[in-house]
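Colleague: Just dropping this structure here.
The values are calculated or read from the model by the stated rules, or taken from the named source; none is laboratory data. Predicted model, so just to flag it, every value in this text is computed and none were measured. Neighbour counts run over all protein chains shown; Cβ positions are idealised from the backbone, glycine included.
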Amino acid sequence: MRRTATTFQIESVPLAMQPYLQGAAFYDSSCSKDAQTYFIANAASTDAFLKISRKGTLVREAAMTAYIHQHKLAPKVIAFDSDEQQDFLLTEALKTDEFDDVFLDAYGREYIHPNGISYYAKLMELME
């Protein structure tokens, strides 16, 4: 996943999300024409991803991510909000090897893909 350093106007997101973004460095990680994705490197708190898309397009993703996070299969949803035009989804950034270890400890080694990588890592690779 590419990460290009960029500037970001924190005031462009809903007020409730702004505290999570204060003091962070922003990197454009977008890989879709339908949404903007930013990696947020934050020394004061957890690194995160902020996804911004047309209003109504991230509602289901936010709900599904929160649900599967309960089963240790997705990152935590830090916040979800919308304004008149856009949805904003903020999720924890997980390192794939850390996530793989948690996943494999919880669900067993049968979730290793035949080529030796975990299904989670393969899914992330396919999504890029």
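Colleague: For segment 1-20, what are the residues that are aliphatic (A, V, I, L, M) and either in contact (Cβ under 8 Å) with a residue 60 or more places away in the chain or touching a Pro at 6+ places or on another chain (Cβ under 7 Å) (or both)?
Modeller: Residues satisfying the conditions are MET1, VAL13, ALA16, MET17.
Colleague: Further question on the same structure: Going by the structure shown, is THR91 part of a loop (DSSP other than H, G, I, E, B) and in contact (Cβ under 8 Å) with a residue 40 or more places away in the chain?
Modeller: Here the answer is no, as THR91 does not meet what is asked.
Conditions tested, residue by residue: (1) surrounded by fewer than 17 Cβ atoms within 10 Å (Cβ to Cβ); (2) more than 19 Å from PRO19 (Cβ to Cβ).
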position	(1), (2)
ALA41	yes, no
THR57	yes, yes
THR65	no, yes
ILE68	yes, yes
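Colleague: For segment 42-62, indicate whether the set of residues that are modelled with pLDDT of 90 or more, over 16 Å from the mean Cα position of the chain (by Cα) and of a type in the set (Asp, Glu) is non-empty.
Modeller: Among the residues of segment 42-62, not one is modelled with pLDDT of 90 or more, over 16 Å from the mean Cα position of the chain (by Cα) and of a type in the set (Asp, Glu), which makes the answer no.
Colleague: I would also like to ask the following. Go through (1) within 16 Å of LEU94 (Cβ to Cβ); (2) at pLDDT below 90; (3) not in a loop (DSSP other than H, G, I, E, B) for ALA5 and report which single condition fails.
Modeller: The single condition ALA5 does not satisfy is (1).
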